[in-house]
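Here, each number is a calculation from the coordinates, and none is a lab measurement. Computed from a prediction, not measured in an experiment: that's the story for all the values here. All Cβ positions, even for glycine, are placed from backbone atoms using ideal geometry, and neighbour counts span all protein chains on display.
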Amino acid sequence: MRVIPLILLTSITAFGVRNASAQLPGGAQSRQLESVEQRLAMDELAAKFTLSNAPSLFPEEDTDIGPQSVLKIRPRQPRVELFADAQYFYTDNMFLSDRNEQSSDVLVSTAQGVFNAVRFPISGGDFVARVGYRHQWFDYGLADHSTINVFDFNTGTFRQAKLNEFDFNAGTAFAESIWKRDNWVAGLAFDYQRLMDTDSYHEFYRELTPRWGLSRILPLCSRSVLRVGYEGDYRVTDTDDPPINFNSNFNDRTDHSLVIDATYILCKYAIAQAYYRFQFTHFTGSERREDYLNAFGLALYCPFTQKIGLRFFVNYDILETNGQLVTDYNRLDTGAGLNLTVRF
């Protein structure tokens with residue numbers, strides 16, 4: 001079953017059948033994917049601090065790089081990194097709606113490979129460029145077999161649908177460069193992303209995204225750091241079967257975010273994180289709208305070994321919008337994740 005022919009009954013109630021495409025693929029799935037990727041980025045940040053802060057977390061860790069201190073030691077750059085991750089969590093609003101919110105359990109599986117192409121000093125700092133590919137699968141309702149009322153465009157009728165009919169997956173090819181000097185980090189990246197339904201891998205959404213960012217890492221003590229940063233992007237999109245009176249580029253947009261996060265090493269097996277993100281989104285395609293997102297999160301990251309890590313997290317998002325096809329929403333996600341990283 002393709003995801004795209006289904007519309008939530010709540011969307012029809014809010015917008016009418018022709019304008020109910022607020023819940024069609026594209027924007028909602030992209031938002032959900034972005035939230036998961038931000039959690040993965042926080043995990044990667046915690047892992048880096050784990051490996052670069054005293055005291056040592058693993059036996060004989062210091063024999064290769066010497067005594068460690070906060071954000072000063074540069075570990076050897078691996079040429080290839082392979083990463084696998086599974087997040088299982090509860091969300092109280094899987095369709096990002098402001099009415100009749102639908103809760104669900106969600107399993108997000110991620111497989112990623114990265115090739116670190118070059119690394120060299122420049123302008124008093126350290127420059128790294130890498131390329132990679134990431135694939136992610138979103139599976140809903142593994143433990144919840146309830147049904148919801150939807151309008152099916154294939155038949156032109158209402159029917160009951162299981163939550164797993166909204167499963168989708170995403171493939172992302174990316175290239176990025178990072179420049180670090182002292183406690184400053186600047187980055188530039190390009191992503192090409194495809195969203196597909198899980199049954200037939202039919203592609204229903206594409207986006208090409210240049211990204212840029214600048215952050216400052218502020219050591220607070222020997223066990224904690226504060227990071228303040230700006231992140232921006234521009235998304236050139238193409239959505240299959242756009243709503244009537246809208247073009248396939250109606251999801252084109254630019255995002256600008258202020259990010260503040262704190263990381264504290266509780267012990268060698270536990271790292272606490274807290275973050276806040278304010279994101280302003282301006283849509284430039286056939287739907288002219290502006291979104292304001294406030295996102296809050298807490299996480300506990302537990303590195304069992306240098307390769308395996310477990311985490312527990314809770315996130316809360318508040319979005320306000322003036323769009324025609326979407327509504328304001330609040331969303332709570334809470335769950336756990338397990339990842340494996342292999343570097344060589």
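Just tell me which aspartates and glutamates come within less than 17 Å, Cα to Cα, of residue 162; anything on the same chain fewer than 8 places away is out.
Once the sequence-local aspartates and glutamates are set aside, what remains near residue 162 is 92, 101, 105, 139, 144, 152, 197, 199.
Per-residue counts of other Cβ atoms within 10 Å, averaged by peptide: what ranking do you get for 83-94, 259-270, highest first?
The most tightly packed comes first, giving 83-94, 259-270.
Peptides 333-339, 116-122, 227-233: what's the order by average Cβ count within 10 Å, highest mean first?
For the peptides 333-339, 116-122, 227-233, the packing ranking is 333-339, 227-233, 116-122.
Volume per residue, Å³, of the convex hull around the alpha-carbon atoms of the stretch 124-224?
Expressed per residue, the convex hull around the Cα atoms of the stretch 124-224 is 172 Å³.
Under 20 °C and 1.002 mPa s, how fast does the stretch 242-344 diffuse according to Stokes-Einstein, given a Kirkwood radius computed over C-alpha pairs? Answer in µm²/s, whole number.
It diffuses with D of about 132 µm²/s by this estimate.
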